[in-house]
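Enquirer: Can you keep this structure in mind? I'll have questions shortly.
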Amino acid sequence: MEKQDIPLFIEGQNVYLIPQSLERVNLYVKWINDPKVRKYSRNILPVTVDDAKGWFEPQEGRVRKFIVLEIWYKKDNKPVGHTFLTGIDWKNGWANVGMTIGEPDYWNKNIATEVTDLIIEYAFSELNLHKLHAGAIVANIGSWTVAEKKGFTFEGIRKDELFVDGEYVDVKTYYLLKDEWRERKL
């Protein structure tokens with residue numbers, strides 16, 4: 001896809017964030033089912049293309065509780081993952097934030113660090129959310145390092161929270177308040 005054809009939603013220095021597209025549903029399914037990727041993204045059930053197509057069906061009468069954006073790496077002009085806000089509580093102003101870099105060749109390129117800045121800015125400045133929650137398996141050092149680097153406050157560890165590769169693992173939990181984020185930006 002040429003740059004002018006990308007339905008740009010948010011632009012960063014090295015990435016674009018664009019709305020998810022039914023055109024790339026096969027790619028999403030590849031990421032979700034990839035054993036290397038799904039280990040830390042907690043996808044334990046296989047997802048088919050038909051399952052994923054259901055995500056795009058109209059949700060009439062329901063308040064939207066999630067936002068998913070594709071991550072495109074500018075240099076190679078290709079989608080490499082997605083970032084999301086889930087469990088959005090519009091009344092109380094909070095959401096869970098996360099991302100998956102679905103292409104392992106793009107891990108450790110600071111993409112997650114940049115995308116985290118962009119999704120935080122969007123959540124607080126455009127959606128007017130008050131608080132973001134995040135969590136990462138303790139062994140997923142990259143994820144919780146990004147959370148800490150971007151100003152999330154460590155809340156604690158949930159013992160034996162998830163079952164991964166035949167064992168229960170701990171999860172580090174974090175939060176970020178809009179006012180604290182704003183103060184750090186000044």
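Enquirer: Report, by residue number, each residue of the range 65-83 that is acidic (Asp, Glu) and surrounded by 15 or more Cβ atoms within 10 Å (Cβ to Cβ).
Expert: Within the range 65-83, just GLU70 meets the criteria.
Enquirer: Report the residue count in the range 84-105 for those that are in a strand (DSSP E or B), out of contact with any Ser or Thr (no Cβ under 8 Å at 6 or more places or on another chain) and surrounded by 14 or more Cβ atoms within 10 Å (Cβ to Cβ).
Expert: Counting residues in the range 84-105 that are in a strand (DSSP E or B), out of contact with any Ser or Thr (no Cβ under 8 Å at 6 or more places or on another chain) and surrounded by 14 or more Cβ atoms within 10 Å (Cβ to Cβ) gives 6.
Enquirer: Still on this model: Return the pair list, or none, for Cβ contacts closer than 7 Å from residues in the range 108-122 that are more than 15 Å from VAL37 (Cβ to Cβ) to residues that are in a helix (DSSP H, G or I) and of a type in the set (A, V, I, L, M, F, W, C), at least 6 apart or on different chains.
Expert: Hits for this filter: THR113/VAL146; THR116/VAL146; ILE120/TRP181.
Enquirer: Right, next: Condition (residue is farther than 22 Å from GLY81 by Cα, touching a Leu at 6+ places or on another chain (Cβ under 9 Å), basic (Lys, Arg) and crowded, with 18+ Cβ neighbours inside 10 Å) applied to the range 122-139: is it met by at least one residue?
Expert: Yes, that holds for at least one residue.
Enquirer: Restricting the search to the range 70-86, which residues are within 13 Å of ILE111 (Cα to Cα) and within 14 Å of the chain's Cα centre (by Cα)?
Expert: Scanning the range 70-86 gives GLU70, ILE71, TRP72, PRO79, VAL80, GLY81, HIS82, THR83.
Enquirer: Checking GLY156 against (1) exposed (fewer than 13 other Cβ atoms within 10 Å of the Cβ); (2) under 22 Å from VAL29 (Cβ atoms): exactly one of these is not met. Which one?
Expert: (2)
Enquirer: Same structure again: Only one of (1) surrounded by fewer than 17 Cβ atoms within 10 Å (Cβ to Cβ); (2) in a helix (DSSP H, G or I); (3) at pLDDT below 90 fails for ARG62. Which number is that?
Expert: (2)
Enquirer: Out of the strands (runs of 3 or more DSSP E) lying entirely within the range 106-186, which hold 1 or more residues that are polar (S, T, N, Q)?
Expert: Qualifying strands (runs of 3 or more DSSP E): 153-164, 167-177.
Enquirer: Something else about it: Within the range 4-26, does at least one residue satisfy the condition of being at pLDDT 85 or above, closer than 30 Å to GLY166 by Cα and not acidic (Asp, Glu)?
Expert: Yes.
Enquirer: For the range 32-54, how many residues are among the aliphatic types (A, V, I, L, M) and modelled with pLDDT under 80?
Expert: Residues in the range 32-54 being among the aliphatic types (A, V, I, L, M) and modelled with pLDDT under 80: 2 in total.
Enquirer: Considering only residues of the range 131-186 that are touching an Asp or Glu at 6+ places or on another chain (Cβ under 6 Å) and of a type in the set (A, V, I, L, M), which is nearest to ILE88 (Cα to Cα)?
Expert: Looking at residues that are touching an Asp or Glu at 6+ places or on another chain (Cβ under 6 Å) and of a type in the set (A, V, I, L, M), I get VAL171.
Enquirer: Something else about it: Identify, from the list LYS178, LYS150, LYS172, the residue that is in contact with a helix residue (DSSP H, G or I) (Cβ under 7 Å, 6 or more places away or on another chain), buried (at least 16 other Cβ atoms within 10 Å of the Cβ) and farther than 24 Å from VAL37 by Cα.
Expert: Of the residues listed, the single one that is in contact with a helix residue (DSSP H, G or I) (Cβ under 7 Å, 6 or more places away or on another chain), buried (at least 16 other Cβ atoms within 10 Å of the Cβ) and farther than 24 Å from VAL37 by Cα is LYS178.
The values are calculated or read from the model by the stated rules, or taken from the named source; none is laboratory data. Only a predicted model underlies this, so the values are computations on that prediction, with no experimental measurement involved. Cβ: placed from backbone, ideal geometry, glycine included. Neighbour counts: every protein chain shown.
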